[in-house]
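Undergrad: Take a look at the following structure, please.
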Amino acid sequence: MEKKESKYFNKKNKKWFIIAGIVVLVALLFFVFGRKSGMGPEFVKVQRGEVVSEVSVTGLVVPSKNIDLAFERGGRVTRIPVGVGKEVSAGQTLVQLENSDLQAQVAQARASLDGQQAKLDELKKGTREEEIRIKEAELAKAEQDLENYHIGIRDILNDSYAKADDAVRAKTDSLFTDDETQNPKLTFTISNLQTQIDVVALRVRTGSELNLWNGELQTINSSTPDSELETTLQQGKEHLAIIRDYLSRAMDAVDASAGLTAGTVSEYKTNLNTGRVNVNTAFTTLSTQSQLISSQKVTIQRIKDELLLKRAGATAEQIMGQEAQVAEARANVSYYQSQLEKTYLRAPFSGVVTKVNVELGDIVGANTPAVSLIGSGNFQIEANITESDIAKVKIGDTAVVTLDAYGSDIIFHAVVSKKDLSETIIDGVSTYKTTLQFEERSEKILPGLTANVDILTEKKENVLSVPSRNIFSKDGKKMVWRLNADNTTEEIEVTTGLRGSDGKTEIISGLAENEKVTIE
């Protein structure tokens, strides 16, 4: 009996478990489907408001003006009045090249212009006898001044020769043995063989130059023609140029010396510097005398021409011809002035010097960057925008900017100022460099900072919109599922407008405000 009762209870329990499971399943199905049917489909309403389209990119803050400056012509650097970090104003000289020859040409061209203008003025005024006498006296004085310049050449040359001879044979005597032979020897060793070869060769040459120069000086006297005096003056400058090179190379040799005491090195350098100063002074004196003579010749010719015009009078044709001469002379002044200006590297705008690539005495070539300058005005942002977004961005679009250095709480404003038309490939994607100008100045804006930029490419206000995810395409048309009042849905074709970066799309037609849209 116990076994049958046990079997009976097992069958009974199993039956109830099955019934209970069915009840639970039915209840669950009722709960799920019944509740869903009762709630109806999920929906969103067609709303009126704004739709915004933005392009978000990352860029780099750069100066609005950033330039590497170079000379249009080459030459030797003679002056660098600025340094890295110095603030400069527009037009300020940054670097200067040797330009004494051009200054002389400008002076000569101006003197010629003055002469031509004076001739024209005289032609137009006519001539009085008193004016002729005054001009004759002026000519006599100018000619006497020129003669005095020629008379002074011999003394100037002798003084220059003495300075050069002292610089070579006295100031560098302790550097060599057998100085006046064809095989002088340095009294010390140096680490640079080429320097040793150069300085020895130049010592031999300067000895020859001094002997040649002395011979030239012996040939001039009070009866020497002016043209020969001028030739000897020019030869003196050439001799001095060679001696100046020798002294410079001798200084290089002392700098490269080995085994000399500090006191000996100091003594050698003092002597060399004294010699170089004296030779440079002599060279300047000869150059000045040469320029004085050239300028005085121009003056004399001008006065002669003026006197000739005063004596002869002038016709209308002569006046017209002289006006043409004045115009040509003025053009020559402009030309030489422009060439002179090319020896000055000037700041094109106010800013700060960031780099100086040259030193005094350097020979720089044309178009070789010498100074780098950044502007002191507003900064800008350079960003590369992908081809999928560049068409949306227009010049004048505004942008909200945050800088990584200050976090997202500090906001700046910028405007798109430039789009490059040429592409740049980055990681295999075509991008286009776009420049944005900050609308405000701030000490927080520094070059090199990373900028997060949201460019407002388009914005529409008071338009209907739905979430973009609720719109789908069918047979080339834009469709939505509209939820009717009886909780049924139907497909509705819509015309869309702006697709915003905020997840909304403008509805132009097909739906009314507050209608419900769902996804089936």
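Undergrad: Add +1 for every Lys or Arg and -1 for every Asp or Glu among the other residues with Cβ under 12 Å from the Cβ of residue 151, and state the total.
TA: On the way: positive: 154; negative: 145, 147, 155, 226.
Taking every other residue near residue 151 into account, the sum is -3.
Undergrad: Let me ask something else about it. Could you calculate the contour length gain from residue 72 to residue 228, that is, 0.36 nm times the residue separation minus the distance between their Cα atoms, to one decimal place in nm? Numbers along the way, then the final one.
TA: On the way: separation 156, 0.36 × 156 = 56.16 nm, distance 3.75 nm.
Difference between extended and current length: 52.4 nm.
Undergrad: Once the Cα atoms of helix 2-39 and of the chain are each reduced to a long axis, what angle between those two axes, in degrees from 0 to 90 to the nearest 10, is obtained?
TA: Tilt relative to the chain: about 50 degrees.
Undergrad: Please give the FRET efficiency for residue 422 paired with residue 194, using the beta carbon to beta carbon distance and R0 = 41 Å, rounded to the nearest 0.05. Numbers along the way, then the final one.
TA: Values: r = 48 Å, r/R0 = 1.17.
Efficiency at R0 = 41 Å is approximately 0.30.
Undergrad: Apply the Karplus curve 6.51 cos²θ - 1.76 cosθ + 1.60, θ = phi - 60°, to the phi angles in segment 252-269 and return the couplings in whole Hz, x for Gly and Pro.
TA: The phi angles translate into 4, 5, 5, 4, 9, 5, 10, x, 7, 6, 4, x, 5, 4, 4, 5, 4, 5 Hz.
Undergrad: Now, a different point. Give me the net charge for the shell around residue 374: Cβ to Cβ below 15 angstrom, other residues only, Lys and Arg +1, Asp and Glu -1. Please list the in-between numbers first.
TA: Values: positive: 65, 86, 355, 441; negative: 68, 87, 382.
Once all neighbours under 15 Å are counted, the net charge is +1.
Undergrad: Suppose every K and R has +1 on its Cβ and every D and E has -1 on its Cβ; what is the size of the dipole of segment 127-312 about the Cα centre, in Debye to the nearest 20? Working shown, then result.
TA: On the way: 21 positive and 29 negative charges, 67 e Å.
About 320 debye.
Undergrad: Any idea how far apart residue 324 and residue 58 come out in nm if each label point goes 7 Å out from Cα toward Cβ?
TA: 7.0 nm
Undergrad: Through the Karplus equation 6.51 cos²θ - 1.76 cosθ + 1.60, θ set to phi - 60°, convert the phi angles of segment 422-435 into ³J(HN,Hα) values in whole Hz; use x for Gly and Pro.
TA: Rounded to whole hertz, the list is 8, 7, 10, 8, 10, 6, x, 10, 6, 10, 10, 5, 10, 10.
Undergrad: Further question on the same structure: With a Förster radius of 56 Å, plug the Cβ-Cβ distance of residue 452 and residue 208 into 1/(1 + (r/R0)^6) and report the FRET value to the nearest 0.05. If you can, show how the numbers build up before the last one.
TA: Working: r = 73 Å, r/R0 = 1.31.
Here the calculated transfer efficiency is 0.15.
Undergrad: Using only the Cα atoms, what convex hull volume per residue in Å³ does segment 127-312 have? Can you show the working numbers first?
TA: Working: hull volume 21.9 nm³, N = 186.
Expressed per residue, the convex hull around the Cα atoms of segment 127-312 is 118 Å³.
Undergrad: Follow-up question, since we're still on this one. Which one of 408, 395, 385 has its Cα pushed farthest toward the positive end of the charge dipole of segment 373-423, where Lys and Arg give +1 and Asp and Glu give -1 at the Cβ?
TA: Checking the options against the dipole of segment 373-423, the answer is 395.
Undergrad: Would you mind calculating the relative contact order of the chain from Cα pairs under 8 angstrom and at least 6 residues apart, reporting the percent as a whole number?
TA: Details: 859 pairs, mean separation 157.7, N = 520.
Relative contact order here is 30 percent.
Undergrad: Computed over the Cα atoms of the chain, what is the convex hull's projected area averaged over all directions, in nm²?
TA: Numbers: hull surface 235.8 nm².
Convex hull of Cα atoms, orientation-averaged projection: 59.0 nm².
Undergrad: Given R₀ = 51 Å, what would the calculated FRET efficiency be for residue 392 paired with residue 151, taking r from the Cβ atoms and rounding to 0.05?
TA: On the way: r = 83 Å, r/R0 = 1.63.
E between residue 392 and residue 151, to the nearest 0.05, is 0.05.
Here, each number is a calculation from the coordinates, and none is a lab measurement. Please read these numbers as outputs of a predicted model, since none were measured by experiment. Glycine also receives a Cβ, built like all others from the backbone with ideal geometry; neighbour counts cover every protein chain displayed.
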